[in-house]
Structure formats: C-alpha cells, structure tokens
Amino acid sequence: MKSIPRGRFISVEGVDGAGKSTQLLWLARWLIARGIPLVRTREPGGTPLGEKLREWLLAEPMHLETEALLMFAARREHLARVIAPALERGEWVLCDRFSDATFAYQGGGRGLPREKFEALEDWVQGAGAARIEPDLTLLFDVPPEVSSARLANGRELDRFEREAADFHARVRAAYLERAAAAPDRIRVIDASGSIEAIQARLEAALPLWLDLAA
Ligand code: TMP
C-alpha cells in the first residue's frame, strides 16, 4: 500500500494587534487555491474542551503558572484530537498560534522560565523524531505604536490585550528572540505596511518557504 505523505504544519504568530487574522484568512485561501487539503484551527482552542479552556484563559484571573499549564493542557488535547490526525491523513494544518506563543506570552510577557516550557513541550509535543512542531511559522511583527493603535481601534479587549505596553514589548522581544534562534522555521514578516504590501511579500516568499511551485 502506498503511504500517505505527512501533511505540513504551519503556525501564525504575532503580538496582539499585529493584524494576524486578516493575513490568516488570506493564507488559508492561498493554500486552498493550490488544492491543498487544509485544516484551519487555533490556540488556545481548536477542540470543544480547548475552546472552553480558551474562554477561561481569556477572561478569568489566575495564577501565572496555572495559565501556562492550561495553555499546554489545551495543546495536548488539540494535538491528539486535531493536529496529529490531520497530518497523518496527509492534510495540512494552519494554526492560529502554537507553542511559540507560550514562550512569548507566558515566558517573555509573564517572566516564567523557558526551561519549564521546554519540559512541557517534550511531554505534550513528543521528544526527538516523534516531536510535532510547526514546519513553518509566520511571525507578523509590528512596532508597539502600530499594535496599540490597532487594538485601541476595535472590540472589547481580552485579559491579554488589556495588559500594559511593557508586557506587549516583552512579548514582542521574546518572539523576535525565538525567531533569531530558529530562522529557517520562523519567518518574520514586517506587518506594519498595508495589507496588500504584506500579501505581495508573502506571495513571493511562500513557494520558497514551503517548497511549492510558484
Ligand atoms: P488570539 O487573540 O490571537 O486568538 O489569542 C488569544 C490570546 O491568547 C492572545 O492574547 C495570546 C494568548 N496566548 C498565550 O498567552 N499563550 C499561548 O500559548 C497562546 C496559544 C495564546
């Protein structure tokens, strides 16, 4: 029997107010237009239990370690029920945030030590060759004045979005530090320009990053 090639796993990251949602929608359409079977999902969330955890995580005050552990608990469920089965079926997964967000928000933003997450990553995502992690991560990066202006301009803010400017600055710095440590996986996209300019840049770079015909 011919074995099905494993699908690709793409995650999308950025500080709150980076404009990630608009680009995600565009990216999903771009992949589907290429005939790629796609599962679109998000973190925290992506499963019935994960979506319940998301409601608490975005609204309820909690100890900062509880917050980090719930992120990973939701991720375990998500990997087991959605991400791993889709990849095994040969489908691609486009995920709005994944583990890099925990390193950036709970690590950079809240100041929890990275080693704790590395241990949890091994547990939740598997270690060595069995590990599931994104093949490509798009990090939409904007300076604080752009993200805060975008946030000020919209709906009611959640628990993370309401954090002070220095929290968001630490989240951004942690994302950029992670990208510098894994430049082949995490591609930083300057998201401060117009939507069209960002999409033109993505359109030019994605075939290369994903090893697809242009
Ligand atoms: P969203 O607004 O992009 O849907 O993400 C929800 C919030 O959850 C966002 O403010 C970032 C936060 N978050 C973390 O703090 N840690 C995580 O591991 C994830 C996945 C999200």
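Name the single residue that is farthest from the chain's Cα centre (by Cα) among those in the stretch 133-179 being of a type in the set (Ser, Thr, Tyr) and part of a helix (DSSP H, G or I).
Looking at residues that are of a type in the set (Ser, Thr, Tyr) and part of a helix (DSSP H, G or I), I get SER148.
Residues to consider are VAL15, VAL39; find the one that is more than 8 Å from the ligand (Cβ to nearest atom) and in contact (Cβ under 8 Å) with a residue 60 or more places away in the chain.
Result: VAL15 is the single residue among VAL15, VAL39 that is more than 8 Å from the ligand (Cβ to nearest atom) and in contact (Cβ under 8 Å) with a residue 60 or more places away in the chain.
Restricting the first residue to the stretch 119-135 and requiring it to be more than 17 Å from SER11 (Cα to Cα), which pairs with a second residue that is surrounded by 13 or more Cβ atoms within 10 Å (Cβ to Cβ) meet a Cβ separation below 7 Å and a spacing of at least six or different chains?
From the stretch 119-135, the pairs are LEU120/PHE72; GLY126/ILE132.
Quick check on the stretch 43-82: of everything there that is among the hydrophobic types (A, V, I, L, M, F, W, C), under 21 Å from GLN125 (Cα atoms) and near the ligand (Cβ under 10 Å from one of its atoms), which residue is surrounded by the fewest Cβ atoms within 10 Å (Cβ to Cβ)?
Checked the stretch 43-82; the qualifying residue surrounded by the fewest Cβ atoms within 10 Å (Cβ to Cβ) is LEU70.
Is it the case that the stretch 110-132 has a residue that's within 15 Å of the chain's Cα centre (by Cα) and either away from the ligand (no atom under 14 Å from the Cβ) or on the phi > 0 side of the Ramachandran plot (or both)?
yes
For (1) among the charged types (D, E, K, R); (2) over 15 Å from the mean Cα position of the chain (by Cα); (3) under 27 Å from PHE167 (Cβ atoms); (4) assigned to a helix (DSSP H, G or I), each residue gets a yes or a no:
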| site | (1), (2), (3), (4) |
| --- | --- |
| ILE36 | no, yes, no, no |
| VAL39 | no, no, no, no |
| LYS52 | yes, yes, yes, yes |
| LEU58 | no, yes, yes, yes |
| VAL93 | no, no, no, no |
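Could you say which residue among LEU49, LEU79, LEU53, LEU25 is under 28 Å from ILE198 (Cβ atoms) and modelled with pLDDT of 95 or more?
Of the residues listed, the single one that is under 28 Å from ILE198 (Cβ atoms) and modelled with pLDDT of 95 or more is LEU25.
Assess whether ASP190 counts as being touching a strand residue (DSSP E or B) at 6+ places or on another chain (Cβ under 8 Å) and among the acidic types (Asp, Glu).
Yes.
Which residues, taken from the stretch 60-91, are in a helix (DSSP H, G or I) and over 26 Å from ARG6 (Cβ atoms)?
Answer for the stretch 60-91, where residues must be in a helix (DSSP H, G or I) and over 26 Å from ARG6 (Cβ atoms): LEU64, GLU65, THR66, GLU67, ALA68, LEU69, LEU70.
For the condition modelled with pLDDT of 95 or more and surrounded by fewer than 19 Cβ atoms within 10 Å (Cβ to Cβ), what is the one hit in PRO134, PRO113, PRO144?
PRO113
Assess whether THR102 counts as being surrounded by 13 or more Cβ atoms within 10 Å (Cβ to Cβ), within 19 Å of ALA182 (Cα to Cα) and without any contact (Cβ under 8 Å) to a residue 40 or more places away in the chain.
Spelling it out, THR102 is indeed surrounded by 13 or more Cβ atoms within 10 Å (Cβ to Cβ), within 19 Å of ALA182 (Cα to Cα) and without any contact (Cβ under 8 Å) to a residue 40 or more places away in the chain.
The values are calculated or read from the model by the stated rules, or taken from the named source; none is laboratory data. Worth saying up front: this structure is predicted, and the values here are computed from it rather than measured. Every residue, glycine as well, gets a Cβ built from its backbone with ideal geometry; the counts of neighbours run over all protein chains shown.
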